[in-house]
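One structure is given below, encoded as structure tokens.
The values are calculated or read from the model by the stated rules, or taken from the named source; none is laboratory data. Quantities reported herein were computed from a predicted structural model and do not represent experimental measurements. Here the Cβ positions follow ideal geometry from the backbone for every residue, glycine too, while neighbour counts run over all protein chains shown. These area figures cover heavy atoms from the full protein model, side chains too; ligands, DNA and RNA do not enter into them. Shrake-Rupley method; radii C 1.70, N 1.55, O 1.52, S 1.80 Å.
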Amino acid sequence: MAIIGIDLGTTNSLAAVWRNHRVELIPNAAGEYMTPSAVSVEDDGTILVGQAAKERLVSHPDRSAAGFKRDMGTGRRFRLGEHEFSPEELSSFVLRSLREDAERYLGEAVTEAVVSVPAYFAEGQRAATKRAAALAGLRVERLLNEPSAAAVAGERVGEDEQKLILVFDFGGGTLDVSLVEMFENVVSVVAVSGDVHLGGRDFDAAIARAFCQDCGLEWNRLTPRQRGNLLHQAEVCKVALSSREPVLMSVMDGEISASLILTSEWLLRKCGGLFRRMTAPVRKVFLDAGMPPSELDDLILVGGSSRMPTVRSYISRFLKKEPVRKYPPDTAIALGVGICAGMKEYAKDLRDLILTDICPFTLGVDVINQSEPGRLLMSPIIERNSVLPTSRMGVYSTTRDNQDKVEIRIYQGENRYCADNTYLGKMELSVPPAPAGEQSIRIRFTYDVNGLFEAEAVNDVGESTRLLLRNGDMTEEEVRARLLELEKLKLHPREQAVNREITARGERLYAVTVGRARYQVGQMLDWFQAQMATQDPLKIASARRTAARFFDEVEAYLQNGWPDGEEPEDDV
Ligand code: AMP
């Protein structure tokens, strides 16, 4: 039984598998790698998926749907003829079709998959994706962030090498921008941002409307069928413009008969607002990551809309960086997710690649708002964009004299007031009576890549309480095994042996050096402590290496003196 990787896209979906030491894309029944994520229902109730369904979006718009990935995890219903479907049911039809193609291609049953999702997908959307897979007969243990998948598809970095990669994923309906860090064999998403209402379809709409404007037609007066036809023509011309120019756009439909010559310059002029909107999420990821764009090593453009030369040049001019050419815009994510499917099967050649994930939202507890007592404030414990798995602690104190218990309510979201965030659950803990503020409560949140969340509160006398939230499809046994692994994380980084070793080494060197060298060792120790305080494993690992290198130099100095001309000055 094979495990496949699936890139479940807004516009197109692809499947890949790891075989014979390499990743392979899986063709569908028509021999194509890309299957349009479209579903249509025929009069006799037959469900069509892929290209046939995409064609029917124009001819039978009332019986067809596309773009439903945008609505995953919402209560929205899609009416297709006399049937009604949820977004996950529609997605399950696409997944089933990919699964059947894979079974035919591989000649064996496929019951498990690794599926990629946008990094910003919240828990509900991730759970909906898993439900869709289950409906399609696929077990999904692991959802992979799309930008991580795209980065994995490229070449690995060498030992001790580090790379900062911006993945600009511009698809049919959404723009996802992510900063990914690759350090030796660790791939992690550092920050994500995006625009869920910006994609190739917006260009189609802008082109169609601009066409009407330039040809003296009134968009609002067109019939739904004429609009569909115009949008279709706009997309065809937009795609053609990616390989040649000028392109003649002509529409003949009923009373409409018009044509216009399109060029890249025309496109830039007519869609200027869309181009400008592309840069907002790019700015935001650098801000969130606290890094300047000058630190960027690679720019990876993926998603069908990244094929537009105007998009490529606009974004590369904005970042002053040429995009990496070897990443195929349409297949990079599928190839990456196929590699991860191989990792799941423990293909020997892949075993050493570690993928971390990031938490796309903030998790916190409510605290009293002194200025507006009725509106509880959110106090974050795990911040958005934290590297997962993670375990972080916040310390709180009692607010009333002789308070005998605290009720801890847990929320997810980015808003200042708890009422505007999503409530996840609550726990209660008793506290020994004392004057207000004298008793503390330590609250620890532990969250892993597969959506297992544990909150634990401990009071000053060591009594504790715990709340566990998990993805519905994890068995008791899986939860126990995972919690055992997460126990390791709960140690504060300061207490972990490798970090203690570095600190002890620094303290020893501090004791045996004098003057400037001693000052620098002291500074390095302070900096290392600060890195540990972030509780971010990736940052700490990188800091450990920096500190170790510096201490090696100091040891070498103690033995041989500094290299010529580099002797540190004595303090005066
Ligand atoms: P995706 O969601 O990544 O499959 O991207 C689909 C979007 O990419 C659709 O809006 C397509 O119109 C657009 N697209 C695909 N190929 C091209 C191309 N060669 N030039 C411009 N846009 C394209």
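A few remarks follow.
- Checking every residue in the stretch 387-405 against the condition of being modelled with pLDDT under 85, in a loop (DSSP other than H, G, I, E, B), among the hydroxyl-bearing types (Ser, Thr, Tyr) and open to solvent by 10 Å² or more (accessible area, probe 1.4 Å) gives zero matches.
- All positions within the stretch 192-215 that are free of Cβ contacts under 8 Å to residues at least 60 places away in the same chain, open to solvent by less than 10 Å² (accessible area, probe 1.4 Å) and not small (Gly, Ala, Ser): Phe211, Cys212
- Per-region count, the stretch 307-326, residues within 30 Å of Ala102 (Cβ to Cβ) and within 13 Å of the ligand (Cβ to nearest atom): 1
- Test: residue in the stretch 480-489 that is out of contact with any helix residue (DSSP H, G or I) (no Cβ under 6 Å at 6 or more places or on another chain), open to solvent by 50 Å² or more (accessible area, probe 1.4 Å) and not in a helix (DSSP H, G or I): no
- Where Thr503 falls short, out of the listed (1) among the hydroxyl-bearing types (Ser, Thr, Tyr); (2) part of a helix (DSSP H, G or I); (3) under 30 Å from Val367 (Cα atoms): (3)
- Strands (runs of 3 or more DSSP E) contained in the stretch 66-129 and holding at least 3 residues open to solvent by 10 Å² or more (accessible area, probe 1.4 Å): 83-85
- Condition check for Asp297: surrounded by fewer than 18 Cβ atoms within 10 Å (Cβ to Cβ), more than 16 Å from the ligand (Cβ to nearest atom) and under 29 Å from Asn145 (Cα atoms): yes
- Residue match in the stretch 158-165 (condition: of a type in the set (A, V, I, L, M, F, W, C), at negative phi, touching a strand residue (DSSP E or B) at 6+ places or on another chain (Cβ under 6 Å) and within 16 Å of the ligand (Cβ to nearest atom)): no
- When the stretch 178-236 is limited to residues that are among the β-branched types (Val, Ile, Thr) and part of a strand (DSSP E or B), the one that is farthest from the ligand (Cβ to nearest atom) turns out to be Val186.
- Helices (runs of 4 or more DSSP H) contained entirely in the stretch 239-330, each with at least 3 residues that are touching a strand residue (DSSP E or B) at 6+ places or on another chain (Cβ under 7 Å): 272-289, 309-319
- For the criterion of being within 16 Å of the ligand (Cβ to nearest atom), crowded, with 17+ Cβ neighbours inside 10 Å and closer than 20 Å to Val180 by Cβ, Val282 fails.
- Matching residues, the stretch 17-26, being away from the ligand (no atom under 15 Å from the Cβ) and either touching a strand residue (DSSP E or B) at 6+ places or on another chain (Cβ under 9 Å) or among the hydroxyl-bearing types (Ser, Thr, Tyr) (or both): Val17, Trp18, Arg19, Val23, Glu24, Ile26
- Selected residue (only one of Val189, Val180 is touching a residue at least 60 places away in the same chain (Cβ under 8 Å) and either within 30 Å of Cys340 (Cβ to Cβ) or open to solvent by 40 Å² or more (accessible area, probe 1.4 Å) (or both)): Val189
- Given (1) open to solvent by less than 40 Å² (accessible area, probe 1.4 Å); (2) within 13 Å of the ligand (Cβ to nearest atom); (3) hydrophobic (A, V, I, L, M, F, W, C), index of the condition Phe275 fails: (2)
- Filter result (more than 17 Å from Glu507 (Cβ to Cβ) and buried (at least 16 other Cβ atoms within 10 Å of the Cβ)) within the stretch 541-556: Ala541, Ser542
- The set of residues from the stretch 34-55 being crowded, with 20+ Cβ neighbours inside 10 Å and touching a Leu at 6+ places or on another chain (Cβ under 8 Å) comprises Met34, Thr35, Ser37, Ala38, Val39, Ser40, Val41.
- Among the conditions (1) open to solvent by 40 Å² or more (accessible area, probe 1.4 Å); (2) touching a residue at least 40 places away in the same chain (Cβ under 8 Å); (3) within 31 Å of the chain's Cα centre (by Cα), Arg375 misses just one, which is (3).
- Lone unmet requirement of (1) part of a strand (DSSP E or B); (2) at pLDDT below 90; (3) farther than 23 Å from Ala38 by Cα for Leu144: (3)
- The residues on offer are Val94, Val49, Val58, and the sole one that is within 16 Å of the ligand (Cβ to nearest atom) and over 23 Å from Ala334 (Cβ atoms) is Val58.
- Residues being farther than 25 Å from Ser64 by Cβ, open to solvent by less than 60 Å² (accessible area, probe 1.4 Å) and within 34 Å of the chain's Cα centre (by Cα) - total across the stretch 225-259: 2
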